[in-house]
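Trainee: Take a look at the following structure, please.
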Amino acid sequence: MSVRLRSEALFAESLKHTPGGVNSPVRAFRAVGGTPFFAASASGSRVSDVDGNSYIDYVGTWGPAILGHAAPPIVRAIQSAAERGTSFGIPHSQEVTMAQRVKSLVPSVEKVRFCNSGTEATMSAIRLARGFTGRDRIIKFDGCYHGHSDGLLVKAGSGALTLGNPDSAGVPAAVAQQTVVLPFNDPEALREVFQNQGRDIAAVILELVPANAGLYLPQPGYLELLRQLTRDHGTVLIADEVMTGFRLGPAGAQGGFGLTPDLSCFGKIIGGGLPVGAFGGRADIMDYLAPLGPVYQAGTLSGNPLAMAAGLAALEALQSTDAWSRLENLGGELEQGMVAVAKAAQIPVQFQRIGSMFCGYFTNQPVWNLADAMHSDRARFARFFHGMLDRGVYLAPSQFEAGFISTAHTSADIEATVRAAESVFASW
Ligand code: HOZ
């Protein structure tokens, strides 16, 4: 069992100054108990804490670290960009290069705008869809998380769900009422709402692979139905690819599923580990943005040169190597190993995976939506989490988050992870 006395002392100090001791709720370990460890440094597939413990990291700063931590091409790009200026607030060439790169990778994106986070991207995409259609109502899916703007914090996943507050206080009822929430993978619910309210729906926003209530996949035909209904009703289809973008392949989840959304939202990988977001899509919709159109959206640090440089370095490194097939192989090894040790220990686990994203639910029932995910034994997850942490493996401290593999992970890391799980199961 690793000792974390310095982390504990820092957390006690932090609690005096910051609400809950953390700058984002899901970091607080509330769902699994105990206190969070404090990072000292991170490199490759590992993160080290202030007590000198080292962990194989499957959180990867919640997704951006697809090349592993402190990847040399990204560090070099940031260093060299910083020497030319850390922020301009003036257009610069790397914004153009990045826009060209995004368009070349994601064919549904005809125009793109950069902002500072995934939350900004989804919030802005929703406003744009409303401005474009002249409608107010939107549809989201329960358990999907699209950042913490008001209208999207309704039946949300991620930290909100982790802490049992999927509907946040402070969101005006009038705003929440404009959000229709549907269960994922339920074609009948979708058809019904479009039949009754279709002409009032500005946008449907979804994670094509919901990964903020654990991880589950769209059933065959579901995304196609969604595309058809939104097209028929003049509703803007918004793909939230903040987690899946550039991770599940060059064109993200939409590339894999052959879906052409009207707008897409990005973050995480596109900033190479620096704060960034982006939204883009059909030019006729994007041109509704100021200064061309009437929908206002802005940001002092938008298109920040360090973030653009880091993101470009990340995308270049992914494209110039066999990154996505390597990630698929590593994911396959992890899946195979975890399923085998759970089976041997007779522990019911649904191990869900797509590419380098994964989640294990402690249930013997298949998981296709939030209601299914809620069947997982969360007390068991908490014990598993701590058992793994004590054996040097860091998973997200919540049942309702996905795990991420990076290109810096090795088969030896995967094997060590599987052996750690085997040892945890054996101790139960
Ligand atoms: N944005 C991440 C969604 N799973 C979680 C990070 C956070 O909320 O701090």
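Trainee: Per the Kirkwood treatment, what hydrodynamic radius in Å, one decimal, follows for the stretch 67-136 from the mean inverse distance over all distinct Cα pairs?
Mentor: Here the Kirkwood hydrodynamic radius works out to 14.9 Å.
Trainee: Next question. Give me the distance in nm between label points sitting 7 Å out from Cα along the Cα-to-Cβ direction at N165 and E224, one decimal.
Mentor: 4.2
Trainee: Given contacts defined as C-alpha pairs under 8 Å and at least six residues apart, what's the relative contact order of the chain, whole-number percent?
Mentor: Averaging sequence separation for qualifying contacts and normalising by length gives 22 percent for the chain.
Trainee: Right, here's the next one. Taking square-rooted eigenvalues a ≥ b ≥ c of the alpha carbon gyration tensor, is the stretch 149-220 rounded, prolate or oblate, where a/c under 1.5 means rounded and, failing that, a/b exceeding b/c means prolate?
Mentor: It is oblate, given that a/c is not under 1.5 and a/b is not larger than b/c.
Trainee: Now a separate question. What is the mean projected area of the alpha carbon convex hull for the chain, to one decimal in square nanometres? Don't skip to the end; give the middle numbers.
Mentor: Values: hull surface 79.3 nm².
The orientation-averaged projected area of the Cα hull of the chain comes to 19.8 nm².
Trainee: Turning to a different aspect of this structure: Using a Gaussian network for the chain with springs between C-alpha atoms less than 10 Å apart, which of these wobbles most: F88, F279, F141?
Mentor: F88
Trainee: According to the square roots a ≥ b ≥ c of the eigenvalues of the Cα gyration tensor, what is the shape class of the stretch 102-233, taking rounded for a/c under 1.5, prolate for a/b larger than b/c otherwise, and oblate for the remainder?
Mentor: Judged from the Cα gyration tensor, the stretch 102-233 comes out rounded (a/c under 1.5).
Trainee: I've got another one for you. What's the center-to-center distance, using Cα atoms, between the stretch 231-259 and the stretch 369-392 in Å?
Mentor: 29
Trainee: So, one more: Rank by packing, highest mean first: peptides 349-362, 264-277, 65-78, 117-130, with packing defined as the count of other Cβ atoms within 10 Å averaged across residues.
Mentor: 264-277, 117-130, 349-362, 65-78
Trainee: Which one, W324, N364, V341, projects farthest toward the positive side of the charge dipole computed for the stretch 311-364 from Cβ point charges (K/R +1, D/E -1)?
Mentor: N364
Trainee: What does the charge count near F132 come to, summing +1 for each Lys or Arg and -1 for each Asp or Glu among other residues with Cβ under 15 Å from its Cβ?
Mentor: Net of charged neighbours comes to +3.
Trainee: Using a simple spin-label model with points 7 Å from Cα along the Cα→Cβ vector, what separation in nm is obtained for H375 and V339?
Mentor: The two pseudo-label positions are separated by 1.8 nm.
Trainee: Quickly rank 300-311, 4-15 as a protection proxy: mean count of other C-beta atoms within 10 Å, highest first.
Mentor: Highest-to-lowest ranking by the protection proxy: 300-311, 4-15.
Trainee: Can I ask one more? At a Förster distance of 25 Å, what's the computed FRET efficiency of D150 paired with T300, Cβ-Cβ distance as r, to 0.05? Walk me through the numbers on the way to the answer.
Mentor: Working: r = 22 Å, r/R0 = 0.87.
After rounding, the FRET efficiency stands at 0.70.
Trainee: At what distance in angstrom do the alpha carbon centres of the stretch 397-421 and the stretch 1-55 lie from each other?
Mentor: 19
Trainee: Summing Lys, Arg as +1 and Asp, Glu as -1, what charge do residues with Cβ under 13 Å from the Cβ of F257 carry, F257 excluded?
Mentor: With Lys, Arg at +1 and Asp, Glu at -1, the net is -2.
Trainee: Okay, next question. What's the extension gain from A290 to R6 if we count 0.36 nm per residue and subtract their Cα-Cα distance? Could you put the intermediate results ahead of the total?
Mentor: Values: separation 284, 0.36 × 284 = 102.24 nm, distance 4.89 nm.
97.3 nm is the gain from fully extending A290 to R6.
Trainee: Over the stretch 1-125, what is the relative contact order in whole percent, taking alpha-carbon pairs under 8 Å and six or more residues apart?
Mentor: The normalised contact order for the stretch 1-125 reaches 14 percent.
Trainee: Take T260 and A82, extend 7 Å from each Cα along the Cα→Cβ direction, and tell me the distance between the two endpoints in nm.
Mentor: Placing both labels 7 Å beyond Cα along the Cβ direction yields 4.3 nm.
Trainee: Going by how many other Cβ atoms sit within 10 Å of their own, how do K111, K343 line up, fewest first?
Mentor: Taking fewest neighbouring Cβ atoms as first place, the list is K343, K111.
Trainee: Okay, helix-only estimate at 222 nm for the chain: each DSSP H run of n ≥ 4 adds -39500 (n - 2.57), divide by all residues, round to 500 deg cm²/dmol; what do you get?
Mentor: -12000 deg cm²/dmol
Trainee: Determine the alpha carbon to alpha carbon distance for each of K111/K140; K111/K155; K103/K140; K16/K268; K103/K268; K111/K268 and list only those over 28 Å.
Mentor: On the way: K111/K140 24 Å; K111/K155 30 Å; K103/K140 26 Å; K16/K268 30 Å; K103/K268 17 Å; K111/K268 19 Å.
Pairs exceeding 28 Å: K111/K155; K16/K268.
All of the numbers you see were taken from the coordinates with simple rules; none came from a lab. Since the structure is predicted, the reported quantities are computational estimates derived from the model, not experimental observations. Methodologically, a virtual Cβ is constructed for each residue, glycine included, from the backbone with ideal geometry; neighbour enumeration extends over all protein chains shown.
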